[in-house]
Amino acid sequence: MGMTLAEKILARASGRSSVKPGDVVEPQVDLAMSHENAALVINQFHEIWKGTGKEARVWDPERIAIIFDHRVPAESAKTATNQKTVREFVKAKGIQKFHDIRGDRGGICHQVLAESGYVRPGYVVAGTDSHTTTHGAFGAFAWGIGATEMASVWALGAALAVEVPSTIKVTVRGSFLDYVSPKDLILFIIKLLTAEGANFKALEFHGEAIRAMPTSGRMVLCNMAAEAGATVGLVPPDEETTAYLHDTAKVSERIDLLSPDADAVYDRTIEIDLSELTFQVSCPHSVDAVKCVGDIEGKAIHQIVLGSCTNGRLDDIAVAAGILRGKRVADGVRMLVFPASAKVYQEAMERGYLGILAKAGAVVMNPGCGPCLGVHQGALGDGEVALSTTNRNFKGRMGNPNSEVYLCSPAVAAASAITGVITMPGRKV
Amino acid sequence: MSTKQVVLKLGDDVSTDVIYPGRFMATILPAETPQHAFADDTDFHSRLTGGMIPKERAVILAGNNFGCGSSREQAVSCLQGHKLTVVAKSVARIFLKNAINLGLPVVICPTIGANDGDDLDIHETKVVNVSTGREYATQPLPEAQKAIMEAGGLIAFTRDRLMKGSAKPRRSKYRIGWLPGDGIGTEVCDAARRVLDAIGFEAEYPHGDIGWECWRAEGDALPERTIELLKNVDAALFGAITSKPVKAAEAELSPGLKGKGLVYRSPIVRMRQLFDLYVCLRPCKAYPGNPGNYKDGIDLTVFRENTEDLYAGVEFSPVPDELSTVLAKHSKNFAPFKDLSGDAYAISCKINTKKGSERIARAAFAHARMHKRKKVTAVDKANVVRATDGLFLEMAQAVAKEYPEIVFDNANIDAICMWLLKNPLNFDVLVAPNLYGDIISDLCAQMVGGLGFACSGNIGERLAVFEPTHGSAPKYAGMNKVNPIATILAAKMMLEWLGETQKAADIEGAVAKVIREGVVRTYDMGGAAPTTDMAEAVVRALAERPRGQQPCRKGS
């Protein structure tokens, strides 16, 4: 019996010739990623070693990556102290894949991992962040775990009791209409599946539209696979993957590709034709409450957020700059721009995008997670509404349970910034 | 079963942002997170933090996809701190995994119907709503997840893995260094291999040359290629080797190697040094029915420090004048010796380090905790050998404080030899510096049947080498005569260390059965069965074992 991509990767990493959904395996981990919550991982890691009579040792410092992004620069003494603890640990254990708060190599963990070439096709990537699914864009089994589970991975080099997920195959045909983007596609898929539809499952993306999609777009799909509950989202790697790793991530080694078997068995198959896909918006307070922009046009907004691990990449900023060039962010609207990484920031600056956005009235902030998770930078007032290119709109997500968050693509965000209400891109304004 | 009360009824898709808002993410410690549980639900939050919910009886009743969203573990620890139970129609994957890992009780009950204030009886397979009288089936967790819960959470589960030594996870196929050595080493190793194959232990066994024949032919009893091999195995099984005094060793070298200044060095001592195999573990258990048992019920485990003490090899004979001058200067007790000529005496240094003493003590206590042993006794002569043994005892006392549930005492090496013979059942785990450990391990071994049963493990952080403690017995070589049980039990120790605990327990059960039945006995047990018959008897006992059989252990 053939295997899906998720099954193939887990079989290899667990030293088995084959696995099937429901099998419980212990895959060796190729990359273990954490952000500020590494402080909790460190605490749990020391708990594990306490009483073993052994020196606390990470299994392989080369395979651990730590990136500060959730609260940068620190918003509180507590965060700053957590970050300090992590820095000391990183130094003591000789962890090289560490990205501190810096304007040259910092940024959001998922963007930094990608552009640093840390992830390769076939890898098993564990991350203490639910959006670790992003790295499925490279054909890696990349999934989110808790801090204690990560502490266990640091100690053992393997993830324990991992259930092999069954896979939902998503085939996407056709090509995007003007300004319609991978974000609209994944919001549409989440609407079809619901927020729980892929819980304990994998999503595997196929079809000509996926083959034609750049890595950045594939990252959007895999990133938000988590919002349908998926353990992982996967795109079979191809020449585009190799080109990204060689040209953008500057990886010099040969890239070995892998693909699912032709006779792999899927849980179910979903087919989507892009020629019928229009702009989508996810409404409060659930990501699967998705509507067409046309059905909600005119909704007044107070804050626009452009950025995040979902939509803070160069092409996202380019689209927004294209729409906002020579235009003005509407009065009464705050537009906050968070490039996904220092590299993205620098390149957006060199290409003039940041200048365009600033001239239009947007505030360009430092790379990081920004207001996405409601910790600092850009909290909402009571009764305020945000339109954001981020990935979650749960109650209280942006720091205030009495506010609302709508999720959309960069193009919808930029077009709406000009009008101050939810607006379809491409309309004359 | 327990009766609990619904204190909060929630709908579908309740996210971790609702359970533990992101703005408190910098608060990480499980002791501190409960203050922020459901912080944005002001009514429930104030009931929770105001102590207005029934302690340990409170249930949060949720719909589908409870805990969706972030991987933040605080969303679990904050509920755990209030001793809440979650009953949900379904739970998001990461939240459920975090709950299992931390030990928060989560019951998945897809059809549950209940309201705020209802009493629920929670059983293993169903939830009964006492208020309505209706029953709802629960959805069981996968066995692998149950194992983590039963271990008391992932921290304990992972620690257990580490203690079993395999920093590497269990493999589908292992690589075991196979070092049969000289004389009867090959026969006893073959017997152990027969048992390992019979239990279905998947491994390859690359052969490593070691021992007297290597010395004679190559001038090195532990050739470089064997050292390289040991760097690339999961563990090793070592048979036995011949060793002879320095002059005899030189005489037996092949002609081309003589006179080149080659000095015989014990390969086992070298392995201990090269791979820092600092624990010498010697379990001594009186299997019922063994005619060699000194007393029934003996179950001792000796932890001998393996790398320092008097065996450090820092020795002087003759003693250089420079050294005697320095010693005379620094110790007035040296006065009786200071005028002796260098060749009139000899000095062997007893060197004990804080690190070495601490880590062997830790190994002993960690073993005691994991195997639910009751007592650890440190063996020393600290009343006389104050510097080194004093340091050893001090470190053991410090480590003992971390294990309050385990009784700790200490005894002088001379006294314990007497007490062990008088009341062996009064002792449990023994920990000692190298020389004393060497002495008591042989004493203990003889109390449970002697060399034919004495197995040991030389254990380090990355490698462990297991062996029967007997020698190569050249006079019995090739006679298919000696007892292979010590080697079979060494293989059992190896499986334990690799984390293959069920297989290890099965082997021990089979060995115990063969000894108990007393039908097949080798010469040392008063019988005449050959080595191979003993191995076959163990293999037969394995085939007859009830599945999942666990031998009785102290404390369980």
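Summary of computed values
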quantity	calculated
Any chance B:E73 is closer than 12 Å to B:V7 by Cα, acidic (D, E) and assigned by TED's automatic domain parsing to the domain that holds B:G11	no
Residue list for region A:5-20, filter: over 24 Å from A:D238 (Cα atoms) and more than 12 Å from chain B (Cβ to nearest Cβ)	A:K20
Every residue from region A:316-347 that is closer than 26 Å to A:V421 by Cβ, buried (at least 18 other Cβ atoms within 10 Å of the Cβ) and touching a Pro at 6+ places or on another chain (Cβ under 9 Å)	A:D316, A:I317, A:V319, A:A320, A:I323, A:L336, A:F338, A:P339
Checklist (1) at pLDDT below 95; (2) crowded, with 18+ Cβ neighbours inside 10 Å applied to B:G51, failing item	(2)
Filter result for the condition that a residue is in the same structural domain as B:A236 (by TED's automatic domain parsing) and either crowded, with 17+ Cβ neighbours inside 10 Å or touching a residue at least 12 places away in the same chain (Cβ under 8 Å) (or both), over B:I108, B:I176	B:I176
Flag if B:A366 is over 17 Å from B:I413 (Cα atoms), in a helix (DSSP H, G or I) and within 14 Å of chain A (Cβ to nearest Cβ)	yes
Region A:31-46 residues that are β-branched (V, I, T), paired with ones that are surrounded by 24 or more Cβ atoms within 10 Å (Cβ to Cβ) (beta carbon under 6 Å, 6 or more apart)	A:V41/A:S34; A:V41/A:A147; A:V41/A:M150; A:V41/A:A151
Counted residues, region B:240-257 - those being in a loop (DSSP other than H, G, I, E, B) and touching a Lys or Arg at 6+ places or on another chain (Cβ under 9 Å)	2
From B:R521, B:R545, B:R553, B:R540, residue being closer than 30 Å to B:L162 by Cβ and either exposed (fewer than 15 other Cβ atoms within 10 Å of the Cβ) or modelled with pLDDT of 95 or more (or both)	B:R553
Verdict on B:A528 being on the phi < 0 side of the Ramachandran plot, assigned by TED's automatic domain parsing to the domain that holds B:A192 and part of a loop (DSSP other than H, G, I, E, B)	yes
B:D41 vs. criteria facing chain A (nearest Cβ under 9 Å), more than 23 Å from A:N82 (Cβ to Cβ) and not hydroxyl-bearing (S, T, Y)	yes
Filter result (crowded, with 24+ Cβ neighbours inside 10 Å, within 14 Å of chain B (Cβ to nearest Cβ) and out of contact with any Asp or Glu (no Cβ under 9 Å at 6 or more places or on another chain)) within region A:199-217	A:L203
Unique match (being within 14 Å of chain A (Cβ to nearest Cβ), within 30 Å of B:P530 (Cα to Cα) and at pLDDT below 95) among B:E204, B:E150	B:E204
Odd one out for B:L463 among (1) closer than 22 Å to B:R369 by Cβ; (2) assigned by TED's automatic domain parsing to the domain that holds B:A512	(1)
Test set (1) at pLDDT 95 or above; (2) out of contact with any strand residue (DSSP E or B) (no Cβ under 6 Å at 6 or more places or on another chain) - A:E271 fails condition number	(2)
Checklist (1) modelled with pLDDT under 95; (2) farther than 30 Å from A:W49 by Cα; (3) within 41 Å of the chain's Cα centre (by Cα) applied to B:G342, failing item	(3)
In region B:82-120, the residues that are of a type in the set (K, R) and under 39 Å from the mean Cα position of the chain (by Cα)	B:K83, B:R93, B:K97
Residue within region A:255-273 that is of a type outside the set (D, E) and farther than 29 Å from A:A209 by Cβ present	no
Tally, over region B:234-251, of residues that are surrounded by 15 or more Cβ atoms within 10 Å (Cβ to Cβ) and not polar (S, T, N, Q)	10
Residue check, A:G157 in contact with a Leu (Cβ under 7 Å, 6 or more places away or on another chain) and farther than 30 Å from A:Q280 by Cβ	no
Of the criteria (1) within 17 Å of A:H376 (Cα to Cα); (2) within 9 Å of chain B (Cβ to nearest Cβ); (3) surrounded by fewer than 21 Cβ atoms within 10 Å (Cβ to Cβ), which one A:T79 fails	(3)
Residues located in region B:22-35, provided they are assigned to a loop (DSSP other than H, G, I, E, B), at pLDDT 95 or above and touching a Gly at 6+ places or on another chain (Cβ under 9 Å)	B:E32
Scope region A:218-238; condition more than 11 Å from every other protein chain (Cβ to nearest Cβ) and among the polar types (S, T, N, Q); matching residues	A:N223
Pairs where the first residue, in region B:218-247, is modelled with pLDDT under 90 and the second is hydroxyl-bearing (S, T, Y) and assigned to a strand (DSSP E or B), C-beta under 6 Å, 6+ apart	B:D234/B:Y174
Boolean, B:A490 is in contact with a Pro (Cβ under 6 Å, 6 or more places away or on another chain) and within 27 Å of B:K295 (Cα to Cα)	yes
Answer from B:A144, B:A217, B:A192, B:A156 - the residue that is in a helix (DSSP H, G or I), under 24 Å from the mean Cα position of the chain (by Cα) and over 30 Å from A:D23 (Cα atoms)	B:A192
Residues satisfying the stated conditions in region A:21-60, i.e. out of contact with any Pro (no Cβ under 8 Å at 6 or more places or on another chain), farther than 29 Å from A:A114 by Cβ and either part of a helix (DSSP H, G or I) or facing chain B (nearest Cβ under 7 Å) (or both)	A:H46, A:E47, A:I48, A:W49, A:G51, A:T52, A:G53, A:K54
Qualifying residue in region B:428-438 (condition: over 19 Å from the mean Cα position of the chain (by Cα) and at pLDDT below 95)	yes
Residue check for B:R272: part of a loop (DSSP other than H, G, I, E, B) and farther than 23 Å from B:P484 by Cβ	no
Enumerated strands (runs of 3 or more DSSP E) restricted to region A:238-297, each holding at least 2 residues that are free of Cβ contacts under 8 Å to residues at least 40 places away in the same chain	A:290-292
Residues that are hydrophobic (A, V, I, L, M, F, W, C), surrounded by fewer than 16 Cβ atoms within 10 Å (Cβ to Cβ) and farther than 21 Å from B:N458 by Cβ, drawn from region B:355-384	B:V384
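The values are calculated or read from the model by the stated rules, or taken from the named source; none is laboratory data. Bear in mind the structure is a predicted one, so any value in this text is a computation, not a measurement. As a convention, Cβ positions derive from the backbone with ideal geometry for all residues, glycine included, and neighbour counts pool all protein chains shown.
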